[in-house]
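Peer 1: One structure, pasted below without further comment.
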Amino acid sequence: MVGRSLREIIWARLRRDRVAMICLVILVVYYLIGILGPVVAGILNDSPYTLHPDLISEMGGKPIAAYGGISAAHPLGVEWGTGRDILAQLLFGLRISLVISTVATLMTVVLGVVIGIVAGYSRGVTDNFLGRLMDLILAFPFLLIVMSLSGVLTQRLTQLGVPEGNASRILYLILVMSFFGWPYLARIVRGQVLSLREREFVEASVAMGAGRRRILFSEILPNLWAPILVYATLTLPNYIGLEAALSFLGVGVLPPDVTFGSMLANSVTYVNVVPTYLFIPGTALVILVVSFNLLGDSLRDALDPKGVH
Amino acid sequence: MVAYTIRRLLLMVALLFALTAAVFFLFNMLPGDPARLTCGKACSPSVIEANRHRLGYDQPILTQYGQFLGGIFFGRTFSSDSPQPIVCNAPCLGYSYSRHQQVLTMILNAAPVTFWLAVGAFVVWISISILLGIFAALNHGRWPDRLVMGISLVGYSLPSFFIGLLLIFFVILKFNWLPFPAYVSPFVNPVGFLKTMILPWIVLAFLNTAFYMRLTRNQVLETFHEDYVRTARAKGLPERTIVVKHALRAGLTPLVTAAGMDLAALLGGAVITESIFSLPGLGSLAVNSVLQSDLPLITGITLFSSTLIIFANLVVDLLYAFLDPRVTIA
């Protein structure tokens, strides 16, 4: 048998997993739409900011066509009261959701890995301090804090030079998600490092006189990528849901921009008359999150040497 | 065990102090004038100044923190130099000027709603997930297992507010199976209470069931590979005894940790579920306090919820040490 690297083995396992491959394709499509959304909307000659007063009734603003104003030009209907195109809203909303969740995941991973490695390797006082810091951060009721700090901290970001409005709000969401998210990963990483640091290759490296930074990031870190990758794949959909929930509660992105969460929040008022408002963004959101979770699950199976779960 | 308990207790006290400081400074050192927020739009500068003085916002921040801590232990009096002082007995979490009520009173009024919500959901999700988790583990690799795991994954992926909205749409609006939720105490109107709570329970349980089902299944599967289970099999014990007495007992200890923490987090307020179903619990109170920028109330609720979490952390750790004596040595 030809020797294969771990990466090749895992990729081969994943490729045999039909569910994982389907999810991967769906996710690639989602990201492509996220990146190309404005282009697509441009081709459709519409944007989520274009009002179509001709498509809604003058009294009350109800979409004139059936099922929330579905027509050839607006295949998913138009918004109540403004006549904005739902498809264009979805295309742009996806972009915001993906930017927030992806960047927040990256920051969470960087923070969690660095702090987790340092805590696990140094042990003693540093480890103790970092451990208690994690306890403290994890003790905060996350949603409450995010909501209550959103007003003032967004303002503060604006003062620091971030453009006012949704740019500040998006940055705020990314910052709080990563700030309150890293301890979970840091704990996992710390646990792994505790056992890795006792292994011979670390000892050998120490004996050869390698510096601490080299040991931490060139010797230990490469052994951690499996749990980190799985954690990241499972955190991202969490953050997508979280962003949606926060926008739903009114502390996320504000109009005229939309995200899945704010579309769902708006749908509540009209759901009895126009159920599509609830089902269209809801379905888009669920497909995205399910794909991520399924992929993360398959990845965990592929990375699990025992293959029990 | 005793030394371990003492160590954990001391740690909890330290953590609680750090927490009060963190929460207090986080909320009170932020830009913006807290006194301005104590009264509505028709607010004259003199009223703002009076409120600033009465609430102690004119004092240095450290003095304010001292007063806040003092209030928790010994109680305090607001506007003591005015004709109508407001006495706030220990443990005093503050006084909300925008609502003219003590923070603790408001929290205690909202707490029962959240309590029933959390406990009901807890019972539902723990019983369902343990049953289904064991069922899946016993059928490991066959279709019942795959079905249960598939459902669990989808359930895990559905955002709770989306489930809530779907349930409201179908059960309440479309088919009129249940009336619109309006909270009543279970002691006043048990039927109305159940009718209101059943959907919120389902929403909260849904998300957690997915997670706990997988946890149960994986734990039970893992213990099936342990030597003592093989020994039990070799001894010829009936399968039922093996599953219940050997595999489950050892396998479900991690469940205790997770369940304790999740229950505590819920008791601190289920923000999304409560606001979807308009339940007047801690979560709704928190949302309203944020929307009204009611600083004392935000501080109070945050502190209350995080204390619950820290306390649960302690209980869970002790319980775990009790179930698995190896922990205390570490």
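The values are calculated or read from the model by the stated rules, or taken from the named source; none is laboratory data. What you see is a predicted model; the values in this text were computed from it and never measured. Ideal geometry is used to build each Cβ from the backbone, glycine not excepted, and the neighbour counts take in all protein chains shown.
Peer 1: Which of the numbered conditions does B:SER160 fail, given that it passes all the others? Conditions: (1) within 18 Å of the chain's Cα centre (by Cα); (2) surrounded by fewer than 17 Cβ atoms within 10 Å (Cβ to Cβ).
Peer 2: (2)
Peer 1: Here's a follow-up. Out of everything in the range A:233-253 that is within 21 Å of A:ALA20 (Cβ to Cβ) and of a type outside the set (S, T, N, Q), what residue ends up being modelled with the lowest pLDDT?
Peer 2: Selected residue: A:LEU234.
Peer 1: Here is a further query. With the requirement that a residue be within 21 Å of B:ALA35 (Cα to Cα), buried (at least 18 other Cβ atoms within 10 Å of the Cβ), touching a residue at least 12 places away in the same chain (Cβ under 8 Å) and within 11 Å of chain A (Cβ to nearest Cβ), what does the range B:281-299 give you?
Peer 2: Answer for the range B:281-299, where residues must be within 21 Å of B:ALA35 (Cα to Cα), buried (at least 18 other Cβ atoms within 10 Å of the Cβ), touching a residue at least 12 places away in the same chain (Cβ under 8 Å) and within 11 Å of chain A (Cβ to nearest Cβ): B:LEU285, B:ALA286, B:VAL287, B:SER289, B:ASP294, B:LEU295, B:LEU297, B:ILE298, B:THR299.
Peer 1: Another one. Under 6 Å by Cβ, and 6 or more places apart or on different chains, what pairs join a residue from the range A:24-48 that is surrounded by 14 or more Cβ atoms within 10 Å (Cβ to Cβ) with one that is acidic (Asp, Glu) and at pLDDT 75 or above?
Peer 2: Hits for this filter: A:ASP46/A:ASP85.
Peer 1: Still on this structure, I have one more. Could you please tell me which pairs satisfy a Cβ distance under 7 Å, a separation of 6+ or placement on different chains, a first residue in the range A:142-171 that is free of Cβ contacts under 8 Å to residues at least 12 places away in the same chain, and a second residue that is part of a helix (DSSP H, G or I) and surrounded by fewer than 19 Cβ atoms within 10 Å (Cβ to Cβ)?
Peer 2: Short answer, once both residue conditions are applied: A:GLU164/A:THR158.
Peer 1: So the check is Cβ under 6 Å with 6+ separation or different chains; which pairs have a first residue in the range A:263-286 that's more than 22 Å from B:VAL154 (Cβ to Cβ) and more than 10 Å from chain B (Cβ to nearest Cβ) and a second one that's of a type outside the set (Lys, Arg) and in a loop (DSSP other than H, G, I, E, B)?
Peer 2: Every condition considered, the pairs that remain are A:TYR270/A:TRP80.
Peer 1: Can A:LEU76 be described as in contact with a helix residue (DSSP H, G or I) (Cβ under 8 Å, 6 or more places away or on another chain) and not in a helix (DSSP H, G or I)? First the steps, then the outcome.
Peer 2: Working: in contact with a helix residue (DSSP H, G or I) (Cβ under 8 Å, 6 or more places away or on another chain): yes; not in a helix (DSSP H, G or I): yes.
Answer is yes for this residue.
Peer 1: Return the residues of the range B:59-77 that are free of Cβ contacts under 8 Å to residues at least 12 places away in the same chain and not in a helix (DSSP H, G or I); say none if nothing qualifies.
Peer 2: Passing the criteria: B:GLN59, B:PRO60, B:THR77.
Peer 1: While we're looking at this one, here's another question. Out of the residues in the range A:156-174 that are within 14 Å of chain B (Cβ to nearest Cβ) and assigned to a helix (DSSP H, G or I), state the one that is nearest to A:ILE228 (Cα to Cα). Walk me through how you get there before you give the answer.
Peer 2: Restricting attention to the range A:156-174, the residues satisfying the condition of being within 14 Å of chain B (Cβ to nearest Cβ) are A:156-160, A:168, A:172.
Checking the rest, the ones that are also assigned to a helix (DSSP H, G or I) come to A:156-159, A:168, A:172.
Working: A:ARG156: 32, A:LEU157: 30, A:THR158: 33, A:GLN159: 35, A:SER168: 29, A:TYR172: 24 Å.
Among those that are within 14 Å of chain B (Cβ to nearest Cβ) and assigned to a helix (DSSP H, G or I), it is A:TYR172.
Peer 1: Please determine whether any residue of the range B:252-260 is within 9 Å of chain A (Cβ to nearest Cβ) and either surrounded by fewer than 24 Cβ atoms within 10 Å (Cβ to Cβ) or under 30 Å from B:ILE134 (Cα atoms) (or both). Even if it seems obvious, please write down each step before you answer.
Peer 2: Keep residues of the range B:252-260 that are within 9 Å of chain A (Cβ to nearest Cβ), which gives none.
Scanning the range B:252-260, I find no residue that is within 9 Å of chain A (Cβ to nearest Cβ) and either surrounded by fewer than 24 Cβ atoms within 10 Å (Cβ to Cβ) or under 30 Å from B:ILE134 (Cα atoms) (or both), so the answer is no.
Peer 1: In the list B:ALA210, B:ALA232, which residue meets the criterion of being at pLDDT 80 or above, away from chain A (no Cβ under 14 Å), in a helix (DSSP H, G or I) and surrounded by 17 or more Cβ atoms within 10 Å (Cβ to Cβ)? Steps first, please.
Peer 2: Values: B:ALA210 fails: away from chain A (no Cβ under 14 Å).
When all the criteria are applied, what remains is B:ALA232.
Peer 1: Continuing with this model, one more query. How about the range A:114-148: which of its residues are at pLDDT below 80 and over 26 Å from B:VAL316 (Cα atoms)?
Peer 2: Within the range A:114-148, just A:SER148 meets the criteria.
Peer 1: Of the residues that make up the range A:217-224, is at least one more than 8 Å from chain B (Cβ to nearest Cβ) and either surrounded by 21 or more Cβ atoms within 10 Å (Cβ to Cβ) or closer than 21 Å to A:VAL78 by Cβ (or both)?
Peer 2: Restricting attention to the range A:217-224, the residues satisfying the condition of being more than 8 Å from chain B (Cβ to nearest Cβ) are A:217-224.
Remaining after also requiring either surrounded by 21 or more Cβ atoms within 10 Å (Cβ to Cβ) or closer than 21 Å to A:VAL78 by Cβ (or both): A:220.
Among the residues of the range A:217-224, at least one is more than 8 Å from chain B (Cβ to nearest Cβ) and either surrounded by 21 or more Cβ atoms within 10 Å (Cβ to Cβ) or closer than 21 Å to A:VAL78 by Cβ (or both), which makes the answer yes.
Peer 1: Considering every residue within the range A:139-150, establish whether at least one is within 13 Å of another protein chain (Cβ to nearest Cβ) and more than 21 Å from the chain's Cα centre (by Cα).
Peer 2: yes
Peer 1: Then there is this: For the range A:215-261, give me the residue count where each residue is under 30 Å from A:ARG197 (Cβ atoms) and of a type outside the set (Val, Ile, Thr).
Peer 2: Total satisfying the criteria: 17.
Peer 1: Looking at A:ILE96, is it part of a helix (DSSP H, G or I), at pLDDT below 85 and either β-branched (Val, Ile, Thr) or touching a Leu at 6+ places or on another chain (Cβ under 8 Å) (or both)?
Peer 2: Answer is no for this residue.
Peer 1: Another one. Test each condition in (1) within 14 Å of the chain's Cα centre (by Cα); (2) under 20 Å from B:VAL271 (Cα atoms) for A:THR233 and report the one that comes out false.
Peer 2: (2)
Peer 1: Can you list residue pairs whose Cβ atoms sit under 9 Å apart, with the first residue in the range A:241-261 being at the interface with chain B (Cβ under 9 Å from one of its Cβ atoms) and the second being part of a loop (DSSP other than H, G, I, E, B) and among the hydrophobic types (A, V, I, L, M, F, W, C)? Count only pairs 6 or more apart in sequence or on different chains.
Peer 2: Within 9 Å, the pairs are A:GLY241/B:LEU158; A:GLY261/A:VAL253.
Peer 1: Continuing with the same structure: From B:LEU314, B:LEU248, which residue is over 17 Å from the mean Cα position of the chain (by Cα) and either more than 30 Å from B:HIS225 (Cβ to Cβ) or touching a residue at least 12 places away in the same chain (Cβ under 8 Å) (or both)?
Peer 2: B:LEU248
Peer 1: Still on this structure: So which residues in the range B:160-188 are in contact with a Ser or Thr (Cβ under 9 Å, 6 or more places away or on another chain) and without any contact (Cβ under 8 Å) to a residue 12 or more places away in the chain?
Peer 2: Within the range B:160-188, just B:PHE180 meets the criteria.
Peer 1: When you go through (1) closer than 20 Å to A:VAL109 by Cα; (2) within 20 Å of the chain's Cα centre (by Cα); (3) surrounded by fewer than 21 Cβ atoms within 10 Å (Cβ to Cβ); (4) of a type in the set (A, V, I, L, M) one by one for A:ALA167, which number turns out not to apply?
Peer 2: It fails just one condition, (1).
Peer 1: Give B:SER157, B:SER44 a once-over and let me know the one that is touching a Ser or Thr at 6+ places or on another chain (Cβ under 9 Å) and hydroxyl-bearing (Ser, Thr, Tyr).
Peer 2: Of B:SER157, B:SER44, the one residue that is touching a Ser or Thr at 6+ places or on another chain (Cβ under 9 Å) and hydroxyl-bearing (Ser, Thr, Tyr) is B:SER157.
Peer 1: Looking at B:THR302 and the list (1) part of a helix (DSSP H, G or I); (2) more than 9 Å from chain A (Cβ to nearest Cβ); (3) out of contact with any Phe, Trp or Tyr (no Cβ under 6 Å at 6 or more places or on another chain); (4) not acidic (Asp, Glu), which single condition is not satisfied?
Peer 2: If we test B:THR302 against (1) part of a helix (DSSP H, G or I); (2) more than 9 Å from chain A (Cβ to nearest Cβ); (3) out of contact with any Phe, Trp or Tyr (no Cβ under 6 Å at 6 or more places or on another chain); (4) not acidic (Asp, Glu), just (2) comes out false.
Peer 1: Oh, and also: Do the conditions hold for B:TRP177, that is, is it more than 14 Å from chain A (Cβ to nearest Cβ), surrounded by fewer than 17 Cβ atoms within 10 Å (Cβ to Cβ), within 30 Å of A:TYR270 (Cβ to Cβ) and out of contact with any strand residue (DSSP E or B) (no Cβ under 7 Å at 6 or more places or on another chain)?
Peer 2: Answer is yes for this residue.
Peer 1: Shifting gears a bit: For B:SER278, all conditions in the list (1) within 14 Å of chain A (Cβ to nearest Cβ); (2) modelled with pLDDT under 85; (3) exposed (fewer than 15 other Cβ atoms within 10 Å of the Cβ) hold save one; what is the number of the exception?
Peer 2: (2)
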